[in-house]
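Working notes for the structure below.
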Amino acid sequence: MKVTVVGAGAVGATTADNIARKQIVDEVVLLDIKQGVAEGKAMDLMQTASLEGFDTRIIGSTNDYTKTAKSDVVVITSGLPRKPGMTREELIGINAGIVKGVVTQILEQSPKAILLIVSNPMDTMTYLALQVAQSMGVNKKRVIGMGGALDSSRFRYFLSQATGFAQNDIHGQVIGGHGDTTMIPLTRLATVNSIPVSRFLGKEELAKVAADTMVGGATLTGLLGTSAWYAPGIAACSVVEAIVRDEKRIIPSCVYLNGEYGQKDICLGVPVVLGRNGWEKIINLRLSQEEQAAFSKSADAVRNMNSVLATLSI
Ligand SMILES: NC(=O)c1ccc[n+]([C@@H]2O[C@H](COP(=O)([O-])OP(=O)(O)OC[C@H]3O[C@@H](n4cnc5c(N)ncnc54)[C@H](O)[C@@H]3O)[C@@H](O)[C@H]2O)c1
Ligand SMILES: O=C(O)C[C@H](O)C(=O)O
């Protein structure tokens, strides 16, 4: 199996590193537009192989898409990250053109690839990638945006900090958009080893966990001066792993909705079953009235951002 990661920056290289160390595919191609960077990162990563004990091949490419040919999965991380004080949405002007160009060139070489979109604003970039992919004959189930895997891991972290219980025993999902105000951490459904978290945390504490989760990326951006990469890199890798190993895991991911959760013609985060064919099924969580209202509000904001695409000359 072959995975390409486009963008050999912080998130792309970390994703490639995780995929290589897990030995879930034979080959990882890292591609970047900056001369020599992908080759350099690929060589650096390959020089960890004997220390880490993996035999995945990692190949670097400066914008030569022929090296990506016949990829099974392609992770798209190319584009600008935000700086402190910015929203992800402010990246649309630059990243839309990058994502459109990358998706076209990737699909020319790998028409059967499953695309995993990471670049921000992720929900709108996934919608854009889907439009390009569908115009090239790709099924909607092969275009997935990564946000929910990361946001849910942050949710579990904050729940663990608040309850004192191990992160591994905590389960919870974040659905909706991957934005500071559009994500929806589902506190009602979160559990510690099957026990509802409401047994351990009061309303106010749960509201604080949800608020911290929603601005999790912004908090890290403020601390780091650019956005995060360790958790995003392993989150992207976990989605790739679920696909290439046909795991049938339920991971909240950004996919095209056609009536599900009351929404149409939009890509938004919902729990999906992931397997060898991409996203295979959307799970209906049966949201409460309040959660459904939050989901509709999130969709309105993402739809607004999607409408900006038509105004860009890309
Ligand atoms: N969806 C998520 O959960 C999530 C998480 C973290 C970061 N992100 C987003 O991922 C993107 C990358 O973040 P980063 O921290 O790795 O940024 P980065 O600046 O470290 O890396 C981006 C890389 O993309 C490359 N690039 C730019 N245009 C390109 C093109 N046309 N073709 C190929 N490569 C190109 C750049 O040269 C750079 O190396 C950002 O948009 C960021 O907001 C999303
Ligand atoms: O916060 C960002 O801008 C990057 C990414 O979407 C994240 O959540 O870490």
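Whether a residue is hydrophobic (A, V, I, L, M, F, W, C), within 16 Å of ligand 2 (Cβ to nearest atom) and part of a helix (DSSP H, G or I) was assessed, and Ile106 does not pass this test.
Of the residues making up segment 218-237, one or more are touching a helix residue (DSSP H, G or I) at 6+ places or on another chain (Cβ under 8 Å), among the small types (Gly, Ala, Ser) and not in a helix (DSSP H, G or I). Suppose the filter is away from ligand 2 (no atom under 16 Å from the Cβ) and either over 24 Å from Ile184 (Cβ atoms) or modelled with pLDDT under 95 (or both); does Val143 pass it? The answer is no for Val143. In segment 71-81, is there at least one residue being out of contact with any helix residue (DSSP H, G or I) (no Cβ under 9 Å at 6 or more places or on another chain) and at pLDDT 95 or above? So far as segment 71-81 goes, no, none of its residues is out of contact with any helix residue (DSSP H, G or I) (no Cβ under 9 Å at 6 or more places or on another chain) and at pLDDT 95 or above. Looking across segment 84-94 at every residue that is within 9 Å of ligand 2 (Cβ to nearest atom) and in a loop (DSSP other than H, G, I, E, B), the one that is farthest from Leu224 (Cα to Cα) is identified as Thr87. Here Phe155 fulfils each of the conditions (1) within 13 Å of ligand 2 (Cβ to nearest atom); (2) in a loop (DSSP other than H, G, I, E, B); (3) of a type in the set (Phe, Trp, Tyr) apart from (2). It is to be established whether one or more residues within segment 177-194 are within 16 Å of the chain's Cα centre (by Cα), assigned to a helix (DSSP H, G or I), within 14 Å of ligand 1 (Cβ to nearest atom) and surrounded by fewer than 21 Cβ atoms within 10 Å (Cβ to Cβ). Looking through segment 177-194, none of the residues is within 16 Å of the chain's Cα centre (by Cα), assigned to a helix (DSSP H, G or I), within 14 Å of ligand 1 (Cβ to nearest atom) and surrounded by fewer than 21 Cβ atoms within 10 Å (Cβ to Cβ). Test Ala242 against the criterion of being surrounded by fewer than 20 Cβ atoms within 10 Å (Cβ to Cβ) and under 23 Å from Ser153 (Cβ atoms), and give yes or no. Taking the combined requirement at face value, the residue does not satisfy it. Under the condition of being touching a helix residue (DSSP H, G or I) at 6+ places or on another chain (Cβ under 9 Å) and assigned to a loop (DSSP other than H, G, I, E, B), the residues counted in segment 30-63 number 7. Only one entry of Ser238, Ser307 meets the criterion of being of a type outside the set (Lys, Arg) and farther than 21 Å from Val132 by Cβ, and that entry is Ser238.
Residue under question is Thr4, and the condition is that it be of a type in the set (S, T, N, Q), within 10 Å of ligand 1 (Cβ to nearest atom) and touching a helix residue (DSSP H, G or I) at 6+ places or on another chain (Cβ under 9 Å); does it hold? For Thr4, the condition - of a type in the set (S, T, N, Q), within 10 Å of ligand 1 (Cβ to nearest atom) and touching a helix residue (DSSP H, G or I) at 6+ places or on another chain (Cβ under 9 Å) - is not met.
The set of residues from segment 197-206 being touching a residue at least 12 places away in the same chain (Cβ under 8 Å) and part of a helix (DSSP H, G or I) comprises Val197, Glu205, Leu206.
Taking the stated definitions as given, is Asp44 within 15 Å of ligand 1 (Cβ to nearest atom), at pLDDT 95 or above and surrounded by 18 or more Cβ atoms within 10 Å (Cβ to Cβ)? No, not satisfied.
Here is the figure for segment 5-25: residues that are without any contact (Cβ under 8 Å) to a residue 40 or more places away in the chain and either assigned to a loop (DSSP other than H, G, I, E, B) or within 16 Å of ligand 2 (Cβ to nearest atom) (or both) total 1. Considering only residues of segment 26-59 that are without any contact (Cβ under 8 Å) to a residue 24 or more places away in the chain and among the acidic types (Asp, Glu), which is farthest from Ser238 (Cα to Cα)? Among those that are without any contact (Cβ under 8 Å) to a residue 24 or more places away in the chain and among the acidic types (Asp, Glu), it is Glu39. The residue that is nearest to ligand 2 (Cβ to nearest atom), among those in segment 64-83 that are within 18 Å of Thr226 (Cα to Cα) and surrounded by fewer than 21 Cβ atoms within 10 Å (Cβ to Cβ), is Arg82.
The values are calculated or read from the model by the stated rules, or taken from the named source; none is laboratory data. Please read these numbers as outputs of a predicted model, since none were measured by experiment. Virtual Cβ from ideal backbone geometry, glycine too; neighbours counted across all protein chains shown.
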